[in-house]
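The values are calculated or read from the model by the stated rules, or taken from the named source; none is laboratory data. It should be emphasised that the depicted structure is a prediction, and the values quoted were computed from it without experimental measurement. Don't worry about glycine lacking a Cβ; one is built from the backbone with ideal geometry, like all the others, and counts go over all protein chains shown. Ligands, DNA and RNA are excluded from the accessible area calculation, which covers all protein heavy atoms including side chains. Shrake-Rupley method; radii C 1.70, N 1.55, O 1.52, S 1.80 Å.
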Amino acid sequence: MKWTNKGHEYDEIAAHLIDKKTRYYIWGAGTFGIAFCEEFCKEFSFTAFVDRNIRKQGTEVCGLPVLSPSDFQKQWNGEIVIVSTGMTRSAYEQLESFGLVRHKDFYHIDEISSIYMLYKYGKVYLSDLTIPITQYCTLKCKYCNSFIPKIKNPINFDIQQIRDELEAYFRWTDTVNILGLVGGDAMSHPRFNEILRWIGDTYYPERARHLEIYSNAVITPTPQTLELFRKYNVFYRFTDYGGSSGKQNIDQITAILRENGIRYDHVKFTDWFDSGYPQTTNGITSEDGLRRFFDMCDRKSCHTIYGSKLLFCGQCMSADWIDYCRLADSDYFDLSIYDETRKREFVEYNLGFNQKGYMEYCRMCNGSLNVNTHKIIPGEQLG
Ligand code: SF4
Ligand code: SF4
């Protein structure tokens, strides 16, 4: 979204959201919707969940009924809908087909929590941050959207640099819901345990409510790593490449995680998306078209730090790493000098506002979930 009233974009909306009489539906009875419900049950009055999955419909989650979209349509009476599903595009389209209006009747989950906490309590509460700790990876995926195999001289990021970046981020941020370590393969950093221990001791759970590791199930966690996972209740996330890598130790690693009571998410995608590398344009030429594309792309809410720059999307950081597409000044929020008076602007940036309403790399990139139609086989390896 393009800034038109920087620092005041949510002033009108906020008055409605913090009104105690407002009631809410949560669209999506999955991990994010449930976590939101648990976190904010004392702040909001929830009516029900809504979910397209017929196995969830008719059940109860967090003490609330789970409705089908058609039952929701019959009983909706002006309540606000919080969209918590990753399939935002189809959720928005369905809600619009029922006559609901975005930013009046329904909001993305990240918008609700951040706007509410800012306007009600003056706190900066953000949904997520991933911090890259290494450019090394144990795999060489042909269509890696982080361009890891194309980095000529990869590095493991220096611990002091990681500390400085997080300290800058937490000067601006009171609480982030999910703080994730990413690579390449985050676990290939030789000082992984030291980094995790420092982050856990410094920020978990008060400032970083949940810690996550994004890995690829190649490196088996050591007993010391497992102990840290338990201590900080770390969530281990990995993607199953369906045997195409030939290197993943999924059965062994998931058995170890289960034995140690470590929560994990084993995601198996049927398709990946080709970012289009190398190309000079994705064919979208109008400013409005680029803004719509950026707005619908789910990667725009995968916030990441690069030096003292906060970015919407890790892909544009990686494009900069390999000199494929240089960052423009409007692409990032500069965290280096804290300014209390820019708090609302900072939250707006995190919710998708900047000077242009998109990033420079959105001109070249085919995007991700919700917008990318170039499907490919997951995890195909380079020779
Ligand atoms: S495992 Fe992930 S980071 Fe590593 S090369 Fe494959 S897609 Fe890239
Ligand atoms: S279009 Fe590409 S650069 Fe833009 S937010 Fe999506 S993934 Fe990131």
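Just to be sure I understand: with springs between alpha-carbon atoms less than 10 Å apart, which residue in Gly200, Gly243, Gly357 has the highest mean-square fluctuation in the Gaussian network model of the chain? Fluctuation is largest for Gly243. Between the helical axis of 287-296 and the longest alpha-carbon principal axis of the chain there is an angle of about 80 degrees. What distance in nm separates the simple spin-label points at Trp198 and Ser45, each placed 7 Å from Cα in the Cβ direction? That separation, rounded to one decimal, is 4.8 nm. Gain on full extension, evaluated as 0.36 nm per residue between Asp174 and Asp339 minus their Cα-Cα distance, stands at 58.0 nm.
Shown is the FRET efficiency for Asn153 and Thr280, computed with R0 = 25 Å from the Cβ-Cβ distance and rounded to the nearest 0.05: 0.50. With the charge dipole of region 230-383 set up from +1 on Lys and Arg Cβ and -1 on Asp and Glu Cβ about the Cα centre, the Cα lying farthest toward the positive end among the listed residues Phe273, Gly307, Val234 is that of Val234.
Between the residues Leu257, Asn354, Ser84, the greatest Cα displacement towards the positive end of the dipole of the chain, with unit charges on the Cβ of Lys, Arg, Asp and Glu, is found for Leu257.
Mean sequence separation of contacting Cα pairs (under 8 Å, at least six apart), scaled by the length of the chain, corresponds to a relative contact order of 19 percent. For region 11-119, a crude dipole built from +1 on the beta carbon of Lys and Arg and -1 on the beta carbon of Asp and Glu, taken about the Cα centre, is about 300 debye to the nearest 20.
Can you give the local net charge around Glu212? Use residues other than it whose beta-carbon is closer than 13 angstrom to its beta-carbon, Lys and Arg +1, Asp and Glu -1. Provide the component values of the computation, followed by the final result.
Values: positive: Arg209, Arg237, Arg263; negative: Asp128, Asp265.
Around Glu212, the charge tally is +1.
Have a look at the DSSP beta bridges in the chain and tell me what percent are antiparallel, nearest 5. Percentage antiparallel, nearest 5: 25.
In this structure, the amide hydrogen of Asn156, modeled 1.01 Å from its nitrogen in the peptide plane, lies closer than 5 angstrom to those of Gln135, counting only residues at least 5 positions away or on a different chain.
Multiply the residue gap between Thr59 and Asn5 by 0.36 nm, knock off their C-alpha separation, and tell me the result in nm, one decimal place.
15.2 nm
Could you look at region 279-383 and say what percent of its accessible area is carbon and sulfur, using a 1.4 Å probe and all protein chains? Answer for region 279-383 is 51 percent, counting heavy atoms of protein chains only. With the simple spin-label model, which puts each label point 7 Å out from Cα in the Cβ direction, the Ala255 to Arg23 separation comes to 5.1 nm.
Dividing the summed helix terms, -39500 (n - 2.57) for each DSSP H run of n ≥ 4, by the number of residues in the chain produces a 222 nm estimate of -9000 deg cm²/dmol to the nearest 500. Under the convention that each Lys and Arg Cβ holds +1 and each Asp and Glu Cβ holds -1, the size of the dipole of the chain around its Cα centre is about 440 debye. Backbone phi angles across region 362-370, fed through the Karplus curve with coefficients 6.51, -1.76 and 1.60 (θ = phi - 60°), yield HN-Hα couplings of 5, 6, 9, 8, 7, x, 10, 3, 5 Hz in residue order; Gly and Pro are listed as x.
Given 25 °C and 0.890 mPa s, compute D for the chain with the Stokes-Einstein relation, Rh being the Kirkwood radius over Cα pairs; round to the nearest whole µm²/s. Provide the component values of the computation, followed by the final result.
Values: Rh = 21.8 Å.
Answer from the Stokes-Einstein relation: 113 µm²/s.
Within the straight-line cut-off of under 24 Å between alpha carbons, the lysines reachable from Lys150 are Lys140, Lys142, Lys247, Lys300, Lys309, Lys375, sequence neighbours fewer than 8 places apart in one chain being disregarded.
Antiparallel DSSP bridges in region 35-149: what percent, to the nearest 5?
Rounded to the nearest five, the antiparallel share is 25 percent.
Using the 1.4 Å probe convention, the accessible area of the chain works out to 45 Å² per residue with neighbouring protein chains retained. Applying the criteria of a DSSP loop state and at most 16 other Cβ atoms within 10 Å to the trypsin sites (Lys or Arg not before Pro) of region 254-319 yields Lys268. Rounded to whole numbers, the Karplus 3J(HN,Hα) couplings from phi for region 321-335 are 3, 9, 6, 7, 8, 6, 5, 8, 4, 6, 6, 10, 9, 7, 8 Hz, using 6.51 cos²θ - 1.76 cosθ + 1.60 with θ = phi - 60°, and x at Gly and Pro. As a ratio to 2.2 N^0.38 Å, the alpha-carbon radius of gyration for region 175-311 is 1.24. Placing unit charges on the Cβ atoms of the charged side chains and taking the dipole of region 11-119 about its Cα centre, the candidate lying farthest along the positive direction among Val101, Gly28, Ser68 is Ser68.
A convex hull fitted around the alpha carbon atoms of region 11-119 yields 94 Å³ per residue.
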